[in-house]
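Student: Got a structure here, written out as structure tokens. Questions coming.
The values are calculated or read from the model by the stated rules, or taken from the named source; none is laboratory data. If you're wondering where the values come from, they're calculated on a predicted model, not measured in any experiment. FYI the Cβ positions are ideal-geometry reconstructions off the backbone, even for glycines, and counts take in every protein chain you see. The protein model used for the area step is the full one, side chains on, heavy atoms only, and it has no ligands, DNA or RNA in it. Shrake-Rupley method; radii C 1.70, N 1.55, O 1.52, S 1.80 Å.
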Amino acid sequence: MSLSLEQLSAFVATAKTGSFKQAAEHLKKHSTTVGELVSNLEIDLGLNLFERQVRKLTLTAEGNTLLA
């Protein structure tokens, strides 16, 4: 498993803002890029870090643990 600083930065920004779009604005990246970074991090970890609902992201228990 190889986690990148870019993946972790995208995760933290998304967790703090609750949105791929807002995280992307903060990181000066495209929202699709941020979403892919977070998705790849989830694949690498074998965990779901966010519950995805229409226009809403909520951290899972695993996501809260990683953020801490």
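Student: Give me a count of the residues in segment 1-19 that are within 17 Å of Asn64 (Cβ to Cβ) and open to solvent by 80 Å² or more (accessible area, probe 1.4 Å).
Tutor: Number of matching residues: 1.
Student: Here is a further query. If I ask for residues that are of a type in the set (A, V, I, L, M, F, W, C) and either surrounded by fewer than 18 Cβ atoms within 10 Å (Cβ to Cβ) or not in a helix (DSSP H, G or I) (or both), which ones from segment 20-65 would you list? Spell out the reasoning first.
Tutor: If we filter segment 20-65 for residues that are of a type in the set (A, V, I, L, M, F, W, C), which is where we start, we get 20, 23-24, 27, 34, 37-38, 41, 43, 45, 47, 49-50, 54, 57, 59, 61.
Of everything in segment 20-65, those that are of a type in the set (A, V, I, L, M, F, W, C) and either surrounded by fewer than 18 Cβ atoms within 10 Å (Cβ to Cβ) or not in a helix (DSSP H, G or I) (or both) turn out to be Ile43, Leu45, Leu47, Leu49, Phe50, Val54, Leu57, Leu59, Ala61.
Student: Restricting the search to segment 14-45, which residues are within 16 Å of Glu62 (Cα to Cα), among the hydrophobic types (A, V, I, L, M, F, W, C) and within 9 Å of the chain's Cα centre (by Cα)?
Tutor: Ala15, Val38, Leu41
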